[in-house]
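Right, one structure below, let's go through it.
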Amino acid sequence: MKSAIVLGAGMIGVATALHLQQRGWSIVLLDRKEPGRETSYVNAGIIQSEAVRPYEMSHDWREIANIALGRCNKVRYHLAALPRHLGPLLGYWWHSFPVRHARASEAYAQIIGCAAREHEVFIRQSNARHLIRRDGFRFLYRQQSAFEEAVAAAESLRQAYGVKFSPMSPSDLKKAEPALADAGVGALHWLEPWAALDPGALVSAYADLFMRLGGRIVRGDAQSLAKTGSGWSVIADDGRMEAEAAVVALGPWSPDLLKRFGYWFPMVRKRGYYRHYAGGSRLDVPLCDPANGYVLAPMAKGARITTGAELAAPGAKPDFSQLAHAEQAAGKLIMLGRPLEPEPGYGTRPCMPDMLPVVGAAPRHRGLWLHFGHGHQGFTLGPATGRVIAELMNNEVSMTNPLPYRPERYCI
Ligand SMILES: Cc1cc2nc3c(=O)[nH]c(=O)nc-3n(C[C@H](O)[C@H](O)[C@H](O)COP(=O)(O)OP(=O)(O)OC[C@H]3O[C@@H](n4cnc5c(N)ncnc54)[C@H](O)[C@@H]3O)c2cc1C
């Protein structure tokens, strides 16, 4: 029986473990925490079938000036942290030019197109239907020009990829979401996305399925990964484990581990904050307020706000100003209620400069596999790219062309 140690029990690691297990592999899943307690917990929980084009960096000088002047809540930065981000950001800028972005989108649309279907299999097998709503995801617009631009962009996605959406007038939106005090100038309803009512619980449900089918989850430090004569080993809390293969699925922490093996992966680490609110009014489906850079999602615990991107140094003290701005704007839309956590939490989107995840074999280490860098859509993509890496490891023909994701594009 083939064996592997999967490092990291976020959405990406758990999905990898399940796909390998279903191909007859013996798998140990290692994390320093319970499954799904980091980035895969913190997010807006949307399985984003509409995100067929990865989020590029804006080349619009007005928007860049607004970010530079701290006037944009969608993206914030700390001057002292910028030198650390500069190289990956320049790469991101380069890959955001239309020709390169279009190339990335070709691959992205294919893998995003598989995402809900792959989740569905795990949702069914893990009896997690109660955690999923299938009513889409809305964007609220406050300016007519922004609304018209969004509808035109959505129409071009519909024509290119068949993505389904419906424009809504303010009265349509008020009817659908009576709790809203302000319906702006209109909304765009993406009809196909699904929403998890508790993203961490969905990862836990998948992890429970993995254990029920005989998988092992252990606590330990992935930094203990070492090459052995014929494979790989780690030191878990309950002893040393060995397997013929190891998969690095440590989300934003992946490049740190890989430096030890001589691989230098550039990553744009975009921090995002979250907080829950209870006792207020409730939305029916998640709502993005792009002018204020946040998503307000109805979750099992209450309403959850998640913020846009903050470029902070790794380990930097949290700066809650982005969330405070979002909280204020959301408080004008609905009765938010009281915050549940004494302090907001945060996580880090692991974004690769070319906006595509890394999925494939480490170029210079036999049996070492890489699966990280899913950026803004890792919660969506875990089961789909998890299948791709399992197919590669198992020498199967992959359900989608794996070449755009190969690690060699960053390191040889
Ligand atoms: C605010 C916000 C909103 C988002 N909204 C969405 C959304 O709506 N839809 C969507 O698709 N995506 C969304 N994302 C992105 C998505 O959450 C991530 O892409 C995804 O969770 C990444 O999963 P992962 O498994 O790679 O990382 P993680 O979930 O972070 O998992 C990595 C695991 O590695 C473990 N680990 C790290 N270092 C070590 C070590 N040394 N030893 C042992 N274990 C270790 C961690 O404990 C963790 O469990 C959002 C992200 C943020 C921040």
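In cubic angstrom, how much convex hull volume per residue do the alpha carbon atoms of the range 35-92 span?
On the way: hull volume 8.7 nm³, N = 58.
It comes to 150 Å³ per residue, whole-number rounded.
Over 20 Å between Cα atoms: which of Lys2/Lys227; Lys227/Lys259; Lys74/Lys332 fall into that group? Walk me through the intermediate numbers first.
Numbers: Lys2/Lys227 17 Å; Lys227/Lys259 14 Å; Lys74/Lys332 18 Å.
Pairs exceeding the cut-off: none.
Can you give me the orientation-averaged projected area of the convex hull built on the Cα atoms of the chain, in nm²? Let's see the in-between values first.
Working: hull surface 76.0 nm².
So the mean shadow area of the Cα hull is 19.0 nm².
Rounding to the nearest 10 and keeping the result within 0 to 90°, find how far the Cα-based axis of helix 199-212 lies from the longest principal axis of the chain.
Relative to the chain, helix 199-212 is tipped by roughly 30 degrees.
Roughly what angle does helix 82-95 make with the longest principal axis of the chain, taking Cα atoms, 0 to 90 degrees, to the nearest 10?
Rounded to the nearest ten degrees, it is 80.
Please arrange Tyr161, Tyr273 by accessible surface area, largest first, computed with a 1.4 Å probe and ligands excluded.
Values: Tyr161 85, Tyr273 0 Å².
Descending accessible area places them as Tyr161, Tyr273.
Pick from Gln322, Gln143, Gln21: which residue has the top mean-square fluctuation in a GNM of the chain where Cα pairs under 10 Å get a spring?
Highest fluctuation of the listed residues: Gln143.
Antiparallel DSSP bridges in the chain: what percent, to the nearest 5? Display every interim value, and only then the final one.
On the way: 50 of 71 bridges.
Antiparallel: roughly 70 percent of the beta bridges in the chain.
Quick one: which residues, 5 or more positions from Val163 or on another chain, have an amide H under 5 Å from its amide H? H modelled 1.01 Å from N in the peptide plane, none for Pro or chain starts.
Residues meeting the criterion, in which the H sits 1.01 Å from N, are Arg158.
Rounding to the nearest 10 and keeping the result within 0 to 90°, find how far the Cα-based axis of helix 378-393 lies from the longest principal axis of the chain.
The angle comes out at about 30 degrees.
Please work out how much accessible surface Arg23 shows to a 1.4 Å probe, ignoring ligands, DNA and RNA, in Å² rounded to 10.
60 Å²
Starting from 0.36 nm per residue, how many nanometres of slack lie between Ser281 and Gln110 once their C-alpha separation is accounted for? Walk me through the intermediate numbers first.
On the way: separation 171, 0.36 × 171 = 61.56 nm, distance 3.75 nm.
Once the chain is fully extended between Ser281 and Gln110, it gains 57.8 nm.
What whole-number value in Å² describes the accessible area per residue of the range 172-232 for a 1.4 Å probe?
Working: 2430 Å² over 61 residues.
Per-residue value: 40 Å².
Once you have the Kirkwood Rh of the range 59-185 from its Cα pairs, apply Stokes-Einstein at 37 °C and 0.692 mPa s and quote D in µm²/s. Walk me through the numbers before you get to the answer.
On the way: Rh = 18.6 Å.
Translational diffusion coefficient: 177 µm²/s.
In deg cm²/dmol, rounded to 500, what helix-only [θ] at 222 nm does the chain give when every DSSP H run of at least 4 residues adds -39500 (n - 2.57) and the total is split over its residues?
Working: 11 runs with 139 residues, N = 412.
Computed mean residue ellipticity for the chain: -10500 deg cm²/dmol.
Got a number for carbon plus sulfur as a percent of the chain's accessible area, 1.4 Å probe? Please list the in-between numbers first.
Working: 9490 of 17300 Å².
The nonpolar share, carbon plus sulfur, comes to 55 percent.
Express in whole angstrom the spacing between the alpha-carbon centres of the range 253-297 and the range 118-139.
Between the Cα centres of the range 253-297 and the range 118-139 lies a distance of 20 Å.
The values are calculated or read from the model by the stated rules, or taken from the named source; none is laboratory data. Note that the structure is predicted; figures quoted are calculated from it, not measured. Side chains are part of the model used for accessible areas, which takes the heavy atoms of the whole protein and leaves out ligands, DNA and RNA. Shrake-Rupley method; radii C 1.70, N 1.55, O 1.52, S 1.80 Å.
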